Every structure is written in C-alpha cells, then in structure tokens.
Amino acid sequence: MANDSMAFMERLKQQGGGDFLLSLVESVLADLMECEVTNQIGADLHERNGERQAYRNGYRDRILHSRPGTLELQVPKLRSGTYFPSFLEPRRLAEQALAAVVQEAWINGVSTRKVDELVQAMGMTGISKSQVSE
C-alpha cells in the first residue's frame, strides 16, 4: 500500500505544467479503471494465474467532460469480453444529441406532432406532447 501511494505521488510530481486538478482526476480515474479491470479478469497486469478470466488488449481513448474540464481517459480493452468503467454512463452522448434535436425543433416552432415524427424517423419510439414541451 505504501509503495502504491509513493508511486502515485511520484506520478503527480512528474505531471507539471497544465492544470494540476485535471491531472489528479485523470490519474485517479486511471487507477480506478485498472482496479476494476483487475477485479473483473481475476489477475493483475502481467500476472499469470489459473483464475484469469481474460487478457488485456491495449487501451481506447475516451473523452469525459467534467466540471474541472475535459478529461482524456485511456479505457482498458479486453481480448475477450467487455469492460466499461462504472463511473461512465453508456450512450450518454446519444441521449444528449436526441434531446438537443428535440429542443432545437421545438424552439424553431416545429409542432409537437412533427417532432414526434422526427423522433420516430430517427429510430426511436414516439415521444409525447408533454415530453416535447418539457
């Protein structure tokens, strides 16, 4: 445990320059993702054991917009199975885009019936008049 906290502090000292809070949050979230993946697959990074469920297979970039600013995360990938960080919300951007389309249509004076048709054309189920107004 002491070695982990010392390595963490060393990493923070090396990240000079930019915003310290963003670097801190990115580092904490990276450590959290590594712990989640380790628990999911049953083995630490480069560890060989019989209980291993899967193998790591690099990282994928993911941008997270937060109050301190935009975070650039490296989400671990697995060779078999999937991993999605517990602190991220899946399909959040798609929902925000749909809400933005509905809001823009309503602001521009499109009727609620036409907004419902637009939502159905996008492949979603219908949306009620009260939902459009909200």
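The values are calculated or read from the model by the stated rules, or taken from the named source; none is laboratory data. Please read these numbers as outputs of a predicted model, since none were measured by experiment. We place every Cβ from the backbone using ideal geometry, glycine too, and count neighbours over all the protein chains shown. Keep in mind that these areas ignore ligands, DNA and RNA; they rest on the heavy atoms of the full protein, side chains included. Shrake-Rupley method; radii C 1.70, N 1.55, O 1.52, S 1.80 Å.
Relative contact order of the stretch 30-79: 35 percent, from C-alpha pairs under 8 Å at least 6 residues apart in sequence. Starting from the Cα of residue 82, step 7 Å toward the Cβ, then list every residue of the stretch 43-74 with an amide N under 19 Å from that point. Residues passing the 19 Å test: 53-64, 74. A crude spin-label estimate for the pair residue 107 and residue 38, with each label 7 Å from Cα along the Cβ direction, gives 4.6 nm. When Rg and the Kirkwood radius Rh are both evaluated on Cα atoms of the stretch 43-92, their ratio Rg/Rh stands at 1.06.
Modelled label positions at residue 72 and residue 100, each set 7 Å beyond Cα in the direction of Cβ, lie 2.1 nm from each other. Each peptide among 32-45, 52-65 gets the average number of other Cβ atoms lying within 10 Å of its residues, and from highest to lowest they stand as 32-45, 52-65. For the stretch 28-85, the solvent-accessible area with a 1.4 angstrom probe is 68 square angstrom per residue.
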